[in-house]
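Quick note: the coordinates plus some simple rules give every number you see, no bench work behind them. Keep in mind that this is a model prediction, so the values were computed, not measured. Reconstructed Cβ throughout: ideal geometry from the backbone, glycine too, with neighbour counts over all protein chains shown.
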Amino acid sequence: MIYLEDIFMRDQFNATVPTKLVRHKDPEVDVKNLYQTGEFEIYQAIQGKDVFKNAVQLLSFIATEGTHCVFVGKYNIKGVEGPIDFPPREYGVQTGFKYELVRDKNFDHFRERLVIDWGLATRNWVQNFRYQSKNVIELLPEGHVKDFPGYLDLIISFSELKNIIDFPVANRVWKRMLSSTSGIYLILDTYTGKLYVGSAHGRNGIYGRWSDYAKDGHGGNEELRNLIETDPQAKFRFKFSILQTLSPSLTYHEVSTYENLHKEKLGTKANGLNLN
């Protein structure tokens, strides 16, 4: 059996200083989405109670399936303010504590890869570090996203899409499945709720078309480009999904017919991000 400290000791993890383990799971906040959009560290730093009291460092995790959770960073605590008011309310906290947390980048190569079993005490989302208390379930390949869920159950963020394209070996099933089909896809701006409908056909199918989005977020689409030029972080709030898979043998005209049908159904020309 491999324990959490067995992995971290190789990177000179100092277990002798006061350390807290943190498992983030919030029924009112999509913590995973905050992580993918770069807002997680702000969310973690603001707490209603002095939950990190007396700690020098944090090992932070985000809950996944069951009692499992994935590592998202080691943080050094440099200071704390509080109790203070937060006008307007931030992440459900009106009065509380704000910590100065600095991520230790020496441990970044474990982010989104190291999965542990938190154990049955999941209500205790902040715990003091103890030797041999957390079992390591797996250390995923660098860039691994998740298991391929099937075409119609697929919803991924821009960050996940980028990893799928940038690390094809770690996501080989994704590459094989997305390359084997043409189809109609949807991009959702999770902040505004606006939609973009697009189509993929020809060589490498959806995988080939989505590779363009992984490079810059807009894939050459004018309205998406304008959005990202105004706000470079906008692409991190995009969610990608598939509306319909199509045979790779269909012509460009046939695929475009299906694309226009979905645009009409969803109203993405009048109220969304499609210009034509």
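Observations on the model:
- Using 0.36 nm per residue and subtracting the Cα-Cα separation, the extra length available between T230 and Y151 on full extension is 25.3 nm.
- Cα gyration tensor category, rounded, prolate or oblate, for segment 155-266 with a/c compared to 1.5: oblate
- Links that overshoot a 31 Å alpha carbon limit, given the list K146/K215; K105/K194; K78/K215; K74/K162; K32/K215; K78/K146: K105/K194; K78/K215; K78/K146
- Between L261 and R113, the FRET efficiency from the beta-carbon distance, with R0 = 45 Å, is close to 0.65.
- Springs join every pair of Cα atoms under 10 Å in this Gaussian network model of the chain, and among H144, H253, H109 the largest mean-square fluctuation is at H253.
- All other residues whose Cβ lies under 13 angstrom from that of K98 are scored, Lys and Arg at +1 and Asp and Glu at -1, for a net of -4.
- Free of any GluC sites (Glu not before Pro) that DSSP assigns to a loop and that have at most 15 other C-beta atoms within 10 Å, the longest stretch within the chain is 143-276.
- Each of W125, W210 was scored by other Cβ atoms within 10 Å of its Cβ. Arranged with the fewest first, they read W125, W210.
- Computed per residue of the chain from DSSP H runs no shorter than four, each worth -39500 (n - 2.57), the mean residue ellipticity at 222 nm is -7000 deg cm²/dmol.
- Efficiency of FRET between N76 and N33 - r from beta-carbon atoms, R0 35 angstrom, step 0.05: 0.90
- For the chain, the calculated P(r), taken from all Cα-Cα distances in 5 Å bins from zero up to the bin holding the longest distance, is 1, 5, 11, 14, 15, 14, 12, 10, 8, 5, 3, 1, 0, 0 percent.
- The GNM of the chain, with springs linking C-alpha atoms under 10 angstrom apart, assigns the highest mean-square fluctuation among L21, L261, L188 to L261.
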